[in-house]
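In what follows, a single structure is set out as structure tokens and then discussed.
The values are calculated or read from the model by the stated rules, or taken from the named source; none is laboratory data. From a predicted model like this one, the values you see are computed outputs, not experimental measurements. Ideal geometry is used to build each Cβ from the backbone, glycine not excepted, and the neighbour counts take in all protein chains shown. Side chains included, ligands, DNA and RNA excluded: accessible areas come from the protein's heavy atoms. Shrake-Rupley method; radii C 1.70, N 1.55, O 1.52, S 1.80 Å.
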Amino acid sequence: MSQDVTGALAPPQPPTPGPVVTQHRGLQPRTVLLLLSLFVAVLLVAVVATLPVPYVVLGEGPALNTLSTSNGKQLIEISGHPTYPASGGLYLTTVSVLGGPRPVTLPTVLRAWLDPDEAAVPVEAVFPPGQTAQQADEETRQEMTDSQSAATAAALQELGIPVTVSVGDVVSGVPAAGVLKPGDVLLAVQGHAVTGYASLRSAVMGVAPGQVVAVHLRRGGSEQTVDVTTTKDQVGQTALGVVPRYTFPFNVKIQIDDIGGPSAGTMFALGIIDKLTPGNLTGGQQIAGTGEISPDGTVSPIGGIAEKMIGARHAGARWFLAPAENCTEVVGHVPAGLRVVRISTLHAARQAVEAIARGGTAASSLPTCS
């Protein structure tokens, strides 16, 4: 029997959908607040990152060989006196300075704190309060000029070459102001010939401040002797109260650009000595160093010595001459492969270079910072 299937029940059909309504939910107040807070925080960070901070960042600067030439010119050029060829290296070292009159931002300081080759120090440790960028530049340029004159005077004194000392200026308010005049050539003090700053200082130091000394001088082509009452200098020592000026028997010209400050004086003086003496002072060794120098050959401490040692090592130096008063800053910061020798006078620095040139026990027994 056949079966009729047309009457079978059909499967249920889904209901016809009604109109579709899409709901748009706005940002929750909490989300808006969070985004706004994030925006403000980012804005504040950006603003803070651009604000100057009262710090100075110190880093290694270039190390220059005082025996070298640049653009066809010798860094130390001497004319009017025999000179001798020199090899090896006597490197002056420098520090790069960011900050102070030209402010730095917080990210720069943070980077310095994280970098073992840099240091961030309070701005007042480097620059006087209120000093402008122009004043800082002028001061460092003058310090460089003075260091070159002092280095030449000290080098010639070390070699026994007389230097003419005259009065550059008289300090205001001292007894000498009514007696000595700028341009006076100082020939003798208390009967002791003045052949350089060391001889002048030695003669004056033989009396107490406030005592009268006999100063033999040349003024306007004629010689005379005047009585000058001594005074005290800034450290309480006996002084005439004048700013000396030096006239050298031949020309010494130091040609250097874009570097300021007084700390290259010791290496300038050693370079001058090397060029004025036969033979090779360094023995071909690579020697770096630093230290402000006085015309009498005293080596004084400087700043940024840790960064200068890094620069010296990167320049290939294996020896470093450091002022004795900087030794506390040297210990614990000496780069691998660099040996530091402490010095306090130009004569000691010269002897150290000569010992390094000889090598062996002479070099290994040199005094170090400890």
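Exactly one residue among Val170, Val179 is closer than 20 Å to Asp146 by Cβ and either open to solvent by less than 50 Å² (accessible area, probe 1.4 Å) or modelled with pLDDT of 95 or more (or both), and that residue is Val170. Contact map, region 68-85: first residue small (Gly, Ala, Ser), second residue assigned to a loop (DSSP other than H, G, I, E, B) and open to solvent by less than 80 Å² (accessible area, probe 1.4 Å), Cβ cut-off under 7 Å, separation 6 or more or different chains; pairs are Ser68/Leu75; Ser79/Phe250; Gly80/Phe250. Once region 258-297 is narrowed to residues that are of a type in the set (S, T, N, Q) and open to solvent by less than 30 Å² (accessible area, probe 1.4 Å), the residue that is farthest from Tyr84 (Cα to Cα) is Ser263. Among all positions in region 87-101, there is at least one residue which is over 19 Å from the mean Cα position of the chain (by Cα) and either open to solvent by 40 Å² or more (accessible area, probe 1.4 Å) or basic (Lys, Arg) (or both). Pairing residues of region 304-319 that are within 12 Å of Leu338 (Cα to Cα) and open to solvent by 10 Å² or more (accessible area, probe 1.4 Å) with residues that are outside any helix (DSSP H, G or I) and of a type in the set (Asp, Glu), at Cβ distances under 6 Å and at least 6 apart in sequence or on separate chains, gives Ile310/Glu60; Ile310/Asp117.
For region 164-178, check the following and say yes or no: at least one residue is more than 19 Å from Gln234 (Cβ to Cβ) and part of a loop (DSSP other than H, G, I, E, B). No: region 164-178 contains no residue that is more than 19 Å from Gln234 (Cβ to Cβ) and part of a loop (DSSP other than H, G, I, E, B). The residues in region 182-211 that are modelled with pLDDT under 95, farther than 22 Å from Thr152 by Cβ and among the aliphatic types (A, V, I, L, M) can be counted, and the count is 3. Criterion applied to Thr225, Thr229, Thr195 was being open to solvent by 30 Å² or more (accessible area, probe 1.4 Å), over 22 Å from Glu143 (Cα atoms) and free of Cβ contacts under 8 Å to residues at least 24 places away in the same chain, and the one residue passing it is Thr225. Here Gln255 fulfils each of the conditions (1) modelled with pLDDT of 95 or more; (2) under 34 Å from the mean Cα position of the chain (by Cα); (3) more than 26 Å from Thr345 (Cβ to Cβ); (4) open to solvent by 30 Å² or more (accessible area, probe 1.4 Å) apart from (1).
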